[in-house]
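> The structure that follows is given in the form of C-alpha cells.
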Amino acid sequence: MEYSQKIAERLWNQPDKGELESHREETFIDDIIQKNHIEQELLSHLEGIQTVFDGGAGCGRFSILLAKHGCRVTHFDISQPMIDKAKELAQKEGVSDRITFVKGALEDLHEYEDSSFDMVISFDAPISYTYPNQEQVLGELVRICRRRILISVSSRLGYLPYLANPIQKNQFILDKSSSDPYVQWCIQNKANAVSEFSFDKEAVMSLWNNGLMGGSEEIAEYEKGGTPWCITYTFLPDELVAVLTRLHVKNIRLAGPGAYARTIPNELLVKIMNDPGQRADFLAFCYKYDSSPYVCGMGKDNLLAYREL
Ligand SMILES: C[S@@+](CC[C@H](N)C(=O)[O-])C[C@H]1O[C@@H](n2cnc3c(N)ncnc32)[C@H](O)[C@@H]1O
C-alpha cells in the first residue's frame, strides 16, 4: 500500500474527524461558498440520474443531499469513523434506506463494473490524496460512470498563495467566538505565523514544478506514529483537462469555487454573510463568477470538473 493511502487512512480515522467535518460550513466562509457551488451544480443536473457513486464521501455532505433528492447513492470512503458519522446523519434525515455505505479505497474499485452508476462524484480532494495513483483513480471513476462525472481535486494555483499567506484561512472565519478548535487555532496562531513567516522561494518553486504537497516529512512523521496531513497532489487546470481528455471525457467544464471571495477582506465577508438577503445574492454571484474558466485555478483550493455525456 502507498504511504499516501496509509497516511490518509490514519488521518481520517481520527475519532473526532467526522464530527468536525460535519460543522465546517458553520465556521468557515470559504467552505460555505464551496458547498453552495457544488450543491447548485449537482441539483441543476439531476435529470435522469438515479444511481450515484460518491467517492471519498466523508460525513455525507453530498451523498445525503442526493439521497434526499431521490437518488440511490453508494457512499464510499476509506474511513469507518467518517462513514459512521454519515450513517448517523443519514438516519436523522430519514434517507438511510437510499444509501449503501461501503468502506474502501479509491485505489481499488475493481468490484464495480463499467458504467455502474448514472453519476460519479468525488468532492473536496479525495482523488488528490491518492498520489501517485491519482490518474489511475480518475480513470477508474470515469470507467464506472455512465452519464455524468463531477469531481473536485486540489488546485495547484489555488494552493500556491497559501505558501505566501499562512494566515489565509483567517480571512474566512465566520464567527471568531466559535468553539471550533480549528477556528481558535487560526486566531491564536496568527501573530506567530506572521512573525515567523519568510517567503520560501524553494517551497513555492517545488510546488509549482511538481504539484506535490507533503512527502518525506509526512512519511517520517507517520512512521513515528504521528498523524500528518495527507500527501496531496495538486492539479493545474490544463493538466486536469488533459487527463480527462485522454480518458475520452467530453464537454469538460472547470470552476474555482471561492475565487471571488478571495478578493474580499474578512470584515466585509462577515458583514455580507450575516445579512440573509446579501448572503443569498452574494452566494449566487460567487457561483457565476467562480464558474468562469478564467478564474478556475484560483478557487479556495479545489478545482471542479464536470462532464456531460
Ligand atoms: C475532505 S473530505 C471530503 C468529504 C466529502 N467528499 C465532502 O466533500 O464533504 C475527504 C474524504 O476522503 C476520504 N478519503 C481520503 N483518501 C481516500 C481514499 N484513498 N479512498 C477513499 N476515501 C478516501 C477521507 O476519509 C475523507 O472522508
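> What relative contact order, as a whole-number percentage, does the chain give when Cα pairs under 8 Å and 6 or more residues apart are counted?
Numbers: 542 pairs, mean separation 65.4, N = 309.
21 percent.
> Next question. Using a Gaussian network model on the chain with a 10 Å cutoff between Cα atoms, which of Ser44, Ser63, Ser155 fluctuates the most?
Maximum fluctuation in the GNM of the chain, among the listed residues, is at Ser44.
> Just tell me which lysines come within less than 29 Å, Cα to Cα, of Lys103; anything on the same chain fewer than 8 places away is out.
Those lysines meeting the cut-off are Lys6, Lys17, Lys35, Lys68, Lys85, Lys87, Lys92, Lys224, Lys300.
> Return the single residue from Gln168, Gln278, Gln50 with maximal mean-square fluctuation; model: Gaussian network over the chain, springs between Cα atoms under 10 Å.
Gln278
> In 10 Å bins starting at zero, report the fraction of Cα pairs in region 198-249 per bin as a rounded %.
21, 34, 30, 13, 1
> Along Cα→Cβ, 7 Å out, is where each label goes; now give me the distance between the ones at Trp208 and Gln168 in nm to one decimal.
1.5
> Hey, another quick one. Report the charge-dipole magnitude of region 80-139 in Debye, nearest 20, computed about the Cα centre from +1 at each Lys and Arg Cβ and -1 at each Asp and Glu Cβ.
On the way: 5 positive and 12 negative charges, 69 e Å.
So the dipole magnitude of region 80-139 works out to roughly 340 debye.
> What is the ratio of the Cα radius of gyration of region 215-281 to 2.2 N^0.38 Å, where N is its residue count, to two decimals?
Values: Rg = 19.5 Å, N = 67, 2.2 N^0.38 = 10.9 Å.
After normalising by residue count via 2.2 N^0.38 Å, the value is 1.79.
> Something else: Might you report the magnitude of the Cβ-based charge dipole of the chain about its Cα centre, with Lys and Arg at +1 and Asp and Glu at -1, to the nearest 20 debye? Write down the numbers at each step before the final one.
Working: 32 positive and 44 negative charges, 127 e Å.
Result for the chain is approximately 620 debye, rounded to the nearest 20.
> Ignoring the sites themselves, what is the longest stretch of the chain with no GluC sites (Glu not before Pro) in a DSSP loop and at most 11 other beta-carbon atoms within 10 Å?
On the way: sites that count: Glu47, Glu111, Glu113.
That gives 114-309 as the longest site-free run.
> State, to one decimal in nm, how far the label point of Tyr182 lies from the label point of Glu88, with both points 7 Å from Cα in the Cβ direction.
Spacing of the two 7 Å Cα→Cβ label points: 1.7 nm.
> Would you calculate the volume per residue, in Å³, of the smallest convex hull containing every Cα atom of the chain?
Details: hull volume 42.3 nm³, N = 309.
So the per-residue Cα hull volume is 137 Å³.
> In a GNM of the chain with a 10 Å cut-off on Cα contacts, which of Ala86, Ala259, Ala191 has the highest mean-square fluctuation?
Ala191
Laboratory data are not the source of any read-out in this text; all were calculated from the coordinates shown. Bear in mind the structure is a predicted one, so any value in this text is a computation, not a measurement. Ideal geometry is used to build each Cβ from the backbone, glycine not excepted, and the neighbour counts take in all protein chains shown.
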